[in-house]
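Below is one structure, written out as structure tokens; the observations come after it.
Bear in mind that the values in this text are calculations on the coordinates, not laboratory data. The structure displayed is predicted, hence computed values, not measured ones. As a convention, Cβ positions derive from the backbone with ideal geometry for all residues, glycine included, and neighbour counts pool all protein chains shown.
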Amino acid sequence: MKKLFLVLLILLVQKTTVAQWIEQPTPSPSFNLFSFSFPSLNTGFAVGYGNRMIKTTNSGNNWYNISIFPNTAQDLNSVWFINENTGWMCSTNDTLYHTTNSALTWNRQMKLQSDGQKIFFIDSNTGWILAQPRLYKTTDAGLNWTVINTQMGQYFTFVSPNTGWMASYPGGGSIIHKTTDGGSTWAAQHSTSDFRVIYSLEFIDDNTGWAAGYREHILKTTNGGVNWIQQRDMGNSTPLVSMDFINENTGWVTGGTGYSLYTLNGGTTWNQINLSAGSPKVKFLNSKTGWIIGSKVYKTTTTGLIYKSLQLNVLIEGFYDAVPNSMVGDTAVVYLRSSISPYSKIDSAKAFVNPNGVGTFDFVNANNDVNYYIAVKHRNSVETWSSSAQSFVANSLNYDITTSQSQAFGNNLRRVNSAPVRFAIFGGDVDQDGTVDATDLSAIDNNASNFISGYVVTDLTGDDFVDGTDFAIADNNAASFVSVIRP
């Protein structure tokens with residue numbers, strides 16, 4: 001019986017978890033959802049086929065139905081909330097609806113001249129509604145809406161109140177257009193062919209953006225759309241329907257045939273996962289928490305990825321005080337390096353190392369059961385490598401570089417306590433060239449003479465003040481010819 005329970009549990013996890021996307025339970029009926037909006041981490045709304053709206057107030061742990069048009073089959077095409085109470089919704093009955101009480105009631109705000117297809121706000125005051133071929137705009141938080149363009153394509157996005165992009169479909173392919181006046185006028189930038197229709201546009205700033213669509217076609221620009229470079233094209237019948245980038249490197253694209261793509265290098269390479277949710281939309285609320293919602297609802301709190309977690313014990317020489325056996329906490333960076341010459345960088349992570357000398361560093365490019373050297377870098381310390389290559393087991397690795405000098409490659413540690421025995425990485429490499437020398441001493445001396453204070457690299461003790469104590473640490477290490485020691 002116990003074995004049967006374990007088998008059922010494993011099957012359940014496999015059914016509801018893909019990478020780190022976890023399926024969320026939703027109320028019946030299970031109609032396809034077209035659009036969603038999360039004005040906060042806890043409160044979210046999703047709308048879709050057949051008059052369906054669902055809402056959560058506890059970050060997706062529970063969802064419940066909201067009835068909009070009783071006894072009708074209207075499709076709810078788009079929803080957007082600027083805060084937990086105030087939102088808009090449009091449907092297939094050519095009407096814009098408005099709520100000020102978190103969807104308890106909806107008022108008919110305006111009759112659109114066609115089906116409302118997309119609502120998008122760039123801030124709490126400025127927003128647009130696409131009711132093709134018309135584009136409506138508000139600059140007063142939705143009190144008034146004005147038609148500003150009557151020749152719109154099917155898909156658009158904005159990166160600021162004035163700058164945005166739009167994709168039209170004249171037949172055979174798409175044309176990408178740009179506006180710099182808030183959507184009143186648009187200039188063509190790029191054309192696609194062979195039915196590579198653009199379904200989604202995403203920009204992280206005025207220069208860097210992506211376009212994705214049919215045939216797994218993905219384009220990127222780094223100069224505001226002046227040039228578009230093809231990053232992916234599979235020549236198949238798969239449509240990529242939604243896209244969101246967390247930063248210039250990490251982004252997700254959802255597809256219409258049961259899978260999604262993610263990139264960790266700005267789209268240079270794309271990785272595929274199976275994620276069956278119809279033709280879902282994807283959106284991240286912050287760097288870790290995101291949603292993919294379509295025929296199913298998925299959530300992640302790990303950027304959608306399975307992290308390899310390193311718990312590292314490390315002490316920083318001048319920051320450590322032997323009497324209380326603790327140190328001033330500070331940020332450090334850890335690089336995972338190949339165990340084979342030339343020891344290439346595989347991944348990096350930044351984390352806060354607490355007063356106990358413990359930091360947790362999460363990696364996405366590392367693999368289990370593969371050996372990596374651990375290289376620790378701190379703003380004014382000597383880069384220090386683990387004595388041997390280490391490997392993650394079940395996505396986890398613990399390494400303590402404080403217990404013995406032999407924990408560092410070349411024994412490159414200073415003893416900072418005898419009871420208990422503790423070792424720390426050397427301080428004083430202010431310019432981060434790998435050696436503590438006269439250049440570092442000069443920088444510290446100059447700042448000490450000028451009574452420099454604050455979070456500066458010449459502060460080797462973490463007391464936010466540059467003085468003789470900092471100089472003494474660097475001077476001692478320079479005299480000992482302390483430098484980085486690598487394999």
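When we measure straight from the Cα of Lys345, which aspartates and glutamates land under 20 angstrom away, once same-chain ones fewer than 8 places off are left out? Result set, ordered by chain and number: Glu248, Asp362, Asp369, Glu383, Asp433.
Computed 3J(HN,Hα) for the range 461-477, one whole-Hz value per residue from the Karplus formula 6.51 cos²θ - 1.76 cosθ + 1.60 where θ = phi - 60°, is 10, x, 9, 6, 8, 9, 8, x, 4, 5, 4, 4, 4, 5, 5, 5, 6, glycine and proline marked x. Antiparallel beta bridges, as assigned by DSSP with both residues in the chain, represent about 95 percent of the total such bridges.
Across every direction, the projection of the convex hull enclosing the Cα atoms of the range 388-487 has a mean area of 7.9 nm².
Across the cross-link table entries Lys118/Lys296; Lys55/Lys137; Lys111/Lys281; Lys55/Lys283; Lys55/Lys296; Lys111/Lys137, which are compared at the Cα atoms, the separations over 22 Å belong to Lys55/Lys137; Lys111/Lys281. Remark: the range 419-431, residue by residue, has Karplus-estimated 3J(HN,Hα) of 8, x, 5, 9, 10, 10, 6, 5, x, x, 7, 5, 8 Hz, where x stands for each Gly or Pro and the curve is 6.51 cos²θ - 1.76 cosθ + 1.60 at θ = phi - 60°. For Gln231, nonlocal amide neighbours, meaning residues 5 or more places apart or on other chains whose placed amide H falls under 5 Å from its own, are Ile218, Leu219, Lys220. Annotation: amide H-H contacts under 5 Å for Val416 (H modelled 1.01 Å from N, sequence separation of 5 or more, or interchain): Arg422, Phe423, Ala424. On a per residue basis, the convex hull of the C-alpha atoms belonging to the range 308-431 measures out at 95 Å³. As a rough guide to protection, the peptides 225-234, 297-306, 34-43, 361-370 ranked by mean Cβ packing within 10 Å, highest first, stand as 297-306, 34-43, 361-370, 225-234.
Rounded to 0.05, the FRET efficiency of the Thr105 and Ala141 pair, given R0 = 22 Å and the Cβ-Cβ distance, is 0.75. Extension gain for Asp431-Ser404 works out to 7.0 nm (0.36 nm per residue, less the C-alpha to C-alpha distance).
Using a/c under 1.5 as the rounded threshold, could you call the range 14-300 rounded, prolate or oblate? The axes a ≥ b ≥ c are square roots of the C-alpha gyration tensor eigenvalues, and prolate needs a/b larger than b/c, oblate otherwise. It comes out oblate by the Cα gyration axes. Sorting 339-345, 242-248 by average packing, meaning the other beta carbons within 10 Å per residue, from highest down gives 242-248, 339-345.
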